[in-house]
Every structure is written in C-alpha cells, then in structure tokens.
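In what follows, a structure is listed as structure tokens, so that the remarks can point back to it.
The values are calculated or read from the model by the stated rules, or taken from the named source; none is laboratory data. Keep in mind it's a predicted model, so treat the numbers as computed, not measured. Cβ: placed from backbone, ideal geometry, glycine included. Neighbour counts: every protein chain shown.
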Amino acid sequence: MSVVDPNHLPRHTRTEAAAYVIAQFRELGLETPSRLVEMHRVLGRGNVPFEDPDFFTALESLRDLHQFLFIFDHLRIHSDNPQFGNEVKHLLNDSALPQHDLKNSPGRDRQFQLYLAAICQNAGLVPVGYEEPDVTCFVDGTKFGIAAKRLKSRKSRQFKNRVQEGADQLKRQGLPGIVALDLSLARNQSNRPIISQIESLMYPMIAYAKNKQLSDEHGDEIRRLVAGTGVRAVLVMESTLRLRPDRQWWHDGMLSWVPTTRDDEQADPLFEAFYNGFLKGVPNLEDSGTEE
C-alpha cells in the first residue's frame, strides 16, 4: 500500500490557489463551479473556527483544491483539445460538500477521471486521452485504459456492479487496463473528518487494514468478474481529512491494488510497467510498501 500526502499546494495560500483555479476555468471560457466560488469566498475570510457554519466548506477545500490544482497544472497543455474542454465542463456541477450529492455527482465523478489523467500525464504515460473506458494512456507503446468509478454506498452489490461496469468498458474497447475505484464516500458517507488524535495517528494502519480486508473478502469475486476482459488490476483509492496531533488539518490519500492474478508466474510485464510509471506520477507519494 502507498500513502499519498497531497496537502502541499503549489501556491502561497489556499485563497490564492482558489483564485488560480478560477482563472483556469475563465481561460477556457467556462463558468466557475459554484462550489469553487463558495470555497474562495470562505477562504477569503481568513481563519474559520470549527463552530462556524462555513468551517466544513473551508475544510473540504483542502481536497478539492489539491485535485483542481494538480489537474490544471498537468493537463492545461490540453486546453486546445475539445475532449478535454468537454470533460472540464462537467466540473461545474456538485455541491461544496460531497455528502450532499450521494445520488448524482457528475462534477466530482469527472474530477476523479481528470485526476487520474493528470497522474498519467505527470508520469509520462503519454499521450493521455479522454475517451472510453474513461481515460487512456500509453505504456511502452501500448494503449492502456482506466475505467474510473466513484462509489457512494457500502453495499456489496454496488461494488460488484461498478467493477463489472469498468471491466465491460475495457472489454468493449479491447484494451488492457485497470478499474480505479474511489471509495472515499462509500466508506464515509457523512464525510466525517478525523478529529480524535488516536484515530489520526492510527489512520495509515486503519486504512491498510480496510484495504487488506477488501482484498481478502472480494479478491476472488473481482478476479471472477474481470476474467477475460483485459483488466490487469483494480486500484482502490480513498481520501480523508484529519486533524493531526500538531493540530493542523491535513488531507491524506491512500491507494492500494487488488491484483487479478494469483501468483508471480502470471506476472504481466505491461501491468508492471504501468504500475511503476503510475506511482511516479502520483503527487507527493511516500512509499510505505506495496499491498498485494
């Protein structure tokens, strides 16, 4: 498993970061997402105390601004690509707080896709495309697909359905690839930040245990669902907002892989090349070992 520490923003303040992202939408001739406008307003107030009604909007900006900044810093070179512009248009949707969009979330769904595309671009897995299954890139000259799914329910049926949908997308395109799952809301539908110091200290271990449990409980089912579809692995991602022991708010991301093969004899050089390249593109990656 790997730990992503994406709290660092490549701008002096979060208010300046929000202004930068707003400018990127305007350069593309698009409206600014209302949630970003709201975040910019709240951040402009300065310190927002925990008991303030705007606090959780300010806190959520840690996650949204990290992803928006990473997306535009690495994908703005595609600003003349109509497909990229069409993807960015979908970011105009969604509420400031993701827990308010448990039924429909087209904005953050596309945001997840673009975030994965930005990782591939940063990794040099180019050219990156905005097409079925959701994102494409190139690995050692071979076109490689990523089917991206955000889950918002703990239900086992939804998990299996989304894995199946991603596998079917790759099969229709005849591409090798992965299914990438964002389980942030599925595991935390109320979007509760971690406030307890003990829970905060144990967060990496808790996340590791959850991902190991998922692999142990669903690994065989995943392999059955994706058999013969070109899926090389399922990537599981989760992001969390937590209060660190030094009383600073932090945005953490965790990722792990569920392999679709059982042993090293079936090792796939193409997937290994993608895996190694993709990890190089993840922002601020701190390697803590690999979960199988």
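Listing for the model above:
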read-out	value
Residues (under 17 Å from the mean Cα position of the chain (by Cα) and small (Gly, Ala, Ser)) located in the range 130-182	Gly145, Ala147, Ala148, Ser153, Gly166, Gly177, Ala180
Total residues in the range 159-210, condition of a type in the set (A, V, I, L, M, F, W, C) and assigned to a helix (DSSP H, G or I)	13
Yes/no for Gln213 being free of Cβ contacts under 8 Å to residues at least 60 places away in the same chain, assigned to a helix (DSSP H, G or I) and surrounded by fewer than 21 Cβ atoms within 10 Å (Cβ to Cβ)	yes
Residue count for the range 64-90, restricted to those that are touching a Gly at 6+ places or on another chain (Cβ under 9 Å) and in contact (Cβ under 8 Å) with a residue 60 or more places away in the chain	1
The range 24-51 - residue that is hydrophobic (A, V, I, L, M, F, W, C) and part of a loop (DSSP other than H, G, I, E, B) and, of those, nearest to Phe70 (Cα to Cα)	Leu28
Single residue of the range 50-104 satisfying the filter (surrounded by fewer than 22 Cβ atoms within 10 Å (Cβ to Cβ) and aromatic (Phe, Trp, Tyr)) that is farthest from Gly129 (Cα to Cα)	Phe50
Of residues in the range 86-110 being farther than 15 Å from Leu151 by Cβ, in contact with a Pro (Cβ under 9 Å, 6 or more places away or on another chain) and not small (Gly, Ala, Ser), the one modelled with the lowest pLDDT	Asn93
Scan of the range 159-202 for residues that are in contact with a Pro (Cβ under 9 Å, 6 or more places away or on another chain), surrounded by fewer than 15 Cβ atoms within 10 Å (Cβ to Cβ) and either of a type in the set (A, V, I, L, M) or over 30 Å from Thr229 (Cα atoms) (or both), ordered by number	Gln197, Leu201
Condition met for Ala123 (surrounded by fewer than 21 Cβ atoms within 10 Å (Cβ to Cβ) and among the aliphatic types (A, V, I, L, M))	yes
